[in-house]
Amino acid sequence: MLKSYPEIFHKEEDGSFGVEFPGFCGGTEGDDGEEAMKNAREMLESSLAAYLDEGLELLKVADMSELSVENGFITLIQADPSPYLKSTKAIRKNVMVPEWLIRLADREHVNYSEVLTQTLEKKYSFKLL
């Protein structure tokens, strides 16, 4: 499950970077660009997991064309919050599906749980940008 958000990297005089997350509270930093990118992804993943765990609506992705930085750069960070989620327990759900569709899917050995999970992730905000 992947989600992408823009991040603003501010280069400091000592060569380190401060990272700002438009729409999110807080930020992170790193001694260099590589460390700042790693820390930004980890912070985004844990923030997204907190929103999902609490049942909150995910923040709208900021329009990168409306963002600017004087000394630094702006980039998209792609994050997977699933390792940070509190509960990833699978829950059994019974569903009704038309018989003709079941016959077709069974012939192709479809994994119903996988298809339903992927479809729900896509429907509820986890679309790749």
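What helices (runs of 4 or more DSSP H) lie completely within the stretch 21-129 and have 2 or more residues being of a type in the set (S, T, N, Q)?
Per the criteria, 33-53, 112-123.
Among the residues that make up the stretch 79-87, is at least one of them within 22 Å of the chain's Cα centre (by Cα), basic (K, R) and within 23 Å of Y112 (Cα to Cα)?
Looking through the stretch 79-87, none of the residues is within 22 Å of the chain's Cα centre (by Cα), basic (K, R) and within 23 Å of Y112 (Cα to Cα).
Mind telling me which of the residues L44, L52, L58 ends up being at pLDDT below 95 and out of contact with any strand residue (DSSP E or B) (no Cβ under 9 Å at 6 or more places or on another chain)?
Sole residue among the options that is at pLDDT below 95 and out of contact with any strand residue (DSSP E or B) (no Cβ under 9 Å at 6 or more places or on another chain): L52.
Determine the pairs where a residue that is over 16 Å from E121 (Cβ atoms), located within the stretch 81-95, has a partner that is surrounded by 10 or more Cβ atoms within 10 Å (Cβ to Cβ) with Cβ atoms under 7 Å apart, the partner being 6 or more residues away or on another chain.
K86/D53
Run F73 past the list (1) assigned by TED's automatic domain parsing to the domain that holds G18; (2) loosely packed, with under 12 Cβ neighbours inside 10 Å and report the number of the one that doesn't hold.
Every condition holds for F73 apart from (2).
Looking only at residues in the stretch 24-44 that are in contact with a Lys or Arg (Cβ under 9 Å, 6 or more places away or on another chain) and not hydrophobic (A, V, I, L, M, F, W, C), which one is surrounded by the fewest Cβ atoms within 10 Å (Cβ to Cβ)? Write out each step before concluding.
Our first condition is that a residue be in contact with a Lys or Arg (Cβ under 9 Å, 6 or more places away or on another chain); within the stretch 24-44, this holds for 30, 33, 44.
Still in the running and not hydrophobic (A, V, I, L, M, F, W, C): 30, 33.
Numbers: G30: 17, G33: 15.
Across the stretch 24-44, the extreme among qualifying residues is G33.
From the set of residues in the stretch 1-19 that are part of a strand (DSSP E or B) and under 25 Å from L85 (Cβ atoms), which is farthest from the chain's Cα centre (by Cα)? Can you show your working first?
Within the stretch 1-19, the subset part of a strand (DSSP E or B) is 3-11, 17-19.
Checking which are under 25 Å from L85 (Cβ atoms) leaves us with 3-7, 19.
On the way: K3: 3, S4: 6, Y5: 8, P6: 11, E7: 13, V19: 17 Å.
Among residues in the stretch 1-19 that are part of a strand (DSSP E or B) and under 25 Å from L85 (Cβ atoms), the one farthest from the chain's Cα centre (by Cα) is V19.
Applying the selection to the stretch 45-60, what residues are among the polar types (S, T, N, Q) and crowded, with 17+ Cβ neighbours inside 10 Å? Before the answer, list the steps.
Going through the stretch 45-60, the residues among the polar types (S, T, N, Q) turn out to be 46-47.
Matches in the stretch 45-60: S47 only.
Only residues in the stretch 41-63 that are at negative phi count as the first member; pair them with residues that are of a type in the set (D, E), Cβ under 8 angstrom, at least 6 apart or cross-chain, and list the lot.
L44/E7; E45/D80; Y51/E57
The values are calculated or read from the model by the stated rules, or taken from the named source; none is laboratory data. Source: prediction; values computed, not measured. Reconstructed Cβ throughout: ideal geometry from the backbone, glycine too, with neighbour counts over all protein chains shown.
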